[in-house]
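Below: one structure, written as structure tokens.
The values are calculated or read from the model by the stated rules, or taken from the named source; none is laboratory data. For clarity, every value in this text was computed on a predicted model and none was experimentally measured. Cβ placement follows ideal geometry from the backbone for every residue including glycine, while neighbour counts extend to all protein chains displayed.
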Amino acid sequence: MSEQSAKPYLVRAICEWCADNGLTPFLAVKVDARTRVPTAFVKNGEIVLNISTTATRRLTIDNDWVQFNARFAGASQEVSVPMAAVSGVFAKETGYGFAFAMPKDPAAALTEATAPQPPDVEPTAGEGPGDRKSEGRRKARPSHLQVIK
């Protein structure tokens with residue numbers, strides 16, 4: 001049995017937290033063929049949606065879809081977003097929320113994974129952190145950030 005994604009639970013949790021604190025939940029979406037959103041508001045293949053209870057009607061967030069009706073430029077439209085297209089959820093006022101790793105195009109991912117990487121060079125003996133020779137050649141520290149899928 002495969003493990004279920006935590007993304008829908010985190011989206012619902014941030015929405016509930018926003019409601020409890022009088023904040024406005026926004027949903028960042030990477031638009032694809034299955035995403036039904038008003039195309040006039042899509043920029044660079046992405047759209048940000050206000051999913052507060054005052055901006056939507058019949059909002060449902062299940063494990064596979066986010067669906068609701070909302071008004072865009074005065075016209076009511078049905079919005080349907082697959083959970084896989086959700087790239088983030090956050091509070092408008094504070095920016096607090098989550099960004100999710102988005103799956104890449106398989107061909108682009110393969111190209112990136114097989115591209116030659118420059119070797120890490122560590123300073124040699126006698127070179128300190130302040131020496132000009134060692135600048136740009138120090139080994140980078142690993143990130144402390146964690147991607148949540």
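List of remarks:
- Residue match in segment 22-30 (condition: more than 14 Å from residue 86 (Cα to Cα) and in contact with a Phe, Trp or Tyr (Cβ under 7 Å, 6 or more places away or on another chain)): no
- Checklist (1) over 16 Å from the mean Cα position of the chain (by Cα); (2) closer than 24 Å to residue 58 by Cβ; (3) at pLDDT 95 or above applied to residue 91, failing item: (1)
- Filtered residues of segment 52-63 (kept if of a type in the set (Ser, Thr, Tyr) and surrounded by 11 or more Cβ atoms within 10 Å (Cβ to Cβ)): 52, 53, 56
- Within segment 44-61, residues that are farther than 16 Å from residue 23 by Cα have Cβ atoms under 7 Å from residues that are among the basic types (Lys, Arg) and surrounded by 13 or more Cβ atoms within 10 Å (Cβ to Cβ) in these pairs: 45/30; 46/30; 61/12, counting only partners at least 6 apart in sequence or on another chain.
- Among the residues of segment 63-98, those that are charged (D, E, K, R) and touching a Ser or Thr at 6+ places or on another chain (Cβ under 8 Å) comprise 92, 93.
- Leading residue by the ranking (farthest from the chain's Cα centre (by Cα)) among those in segment 35-51 that are surrounded by fewer than 17 Cβ atoms within 10 Å (Cβ to Cβ) and within 17 Å of residue 11 (Cβ to Cβ): 50
- Inside segment 20-43, residues that are of a type in the set (Val, Ile, Thr) and under 21 Å from residue 64 (Cβ atoms) make up a count of 4.
- Residue within segment 55-73 that is modelled with pLDDT under 95 and β-branched (Val, Ile, Thr) present: no
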